[in-house]
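> Pasting in a structure now, in structure tokens, and then I'll have a few things to ask.
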Amino acid sequence: MLPSDHFVRMYNELFKLLEESGRDNLYRYWLEIAALQESLMQPYLADQNFAGLYAYWEHIRIEENADMELRITDTFFEIIMKKCPSLTKNLDNDAGLSLNYCEHCAGWIHPVLRKHGFFPVYDIISPREPRCRLRVYREKQSAQAYAETVVQLWDPYNDLE
């Protein structure tokens, strides 16, 4: 088993390699990972509600020792990543940072959420800061309205068009 320090750096180097051959290759890779991600998330998506999303990310929060806040409201589920543990490790990487590293979370989560009727909005904020925000809505119009307020919207799959 790879220690997390090596694992996140391995991903960082893989993303850099795929970027060099074209961003489309990076997105295709993330779509392949999305299929695996869906199988992991399936039990949490069964009820089609925000409580399942909360339970999934609470598991991730504990497993990765992430400094993040999870919140459910009447209209959305939200993750406020205060200090991403994997980007923090990669910022201390002497091999250099993939400026697309932050996009991998959304890259393989968005297709799964969209397939299950959710509308995610991912605010990277900055690819050099270990913080971000994800809001997941049930209504497309609410997601589109929120997307207009974010710092750095990630939407290469055109989820909100």
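The values are calculated or read from the model by the stated rules, or taken from the named source; none is laboratory data. Nothing here was measured: the structure is a model prediction, and the numbers come from that model. FYI the Cβ positions are ideal-geometry reconstructions off the backbone, even for glycines, and counts take in every protein chain you see.
> Considering only residues that are acidic (Asp, Glu) and without any contact (Cβ under 8 Å) to a residue 60 or more places away in the chain, look in segment 104-139 and name the one that is farthest from residue 57 (Cα to Cα).
129
> Let me ask another. What's the number of the only condition in (1) under 16 Å from residue 13 (Cα atoms); (2) surrounded by 13 or more Cβ atoms within 10 Å (Cβ to Cβ) that residue 110 fails to meet?
Only one criterion is unmet by residue 110, namely (1).
> Quick check, is residue 134 modelled with pLDDT of 95 or more, in a strand (DSSP E or B), in contact with a strand residue (DSSP E or B) (Cβ under 9 Å, 6 or more places away or on another chain) and over 30 Å from residue 22 (Cα atoms)?
So residue 134 fails the test.
> What residue, among those in segment 70-107 that are among the hydrophobic types (A, V, I, L, M, F, W, C) and in a helix (DSSP H, G or I), is nearest to residue 147 (Cα to Cα)? Can you show your working first?
Taking segment 70-107 as the starting set, the residues that turn out to be among the hydrophobic types (A, V, I, L, M, F, W, C) are 70, 72, 76-77, 79-81, 84, 87, 91, 95, 97, 99, 102, 105-106.
Those left that are additionally in a helix (DSSP H, G or I): 87, 91, 105-106.
Working: 87: 23, 91: 27, 105: 17, 106: 14 Å.
My answer is 106.
> Hey, another quick one. When segment 48-102 is examined, which residues are found to be buried (at least 17 other Cβ atoms within 10 Å of the Cβ) and at positive phi?
none
> Name the single residue, out of those in segment 137-161 being aliphatic (A, V, I, L, M) and not in a loop (DSSP other than H, G, I, E, B), that is farthest from the chain's Cα centre (by Cα).
145
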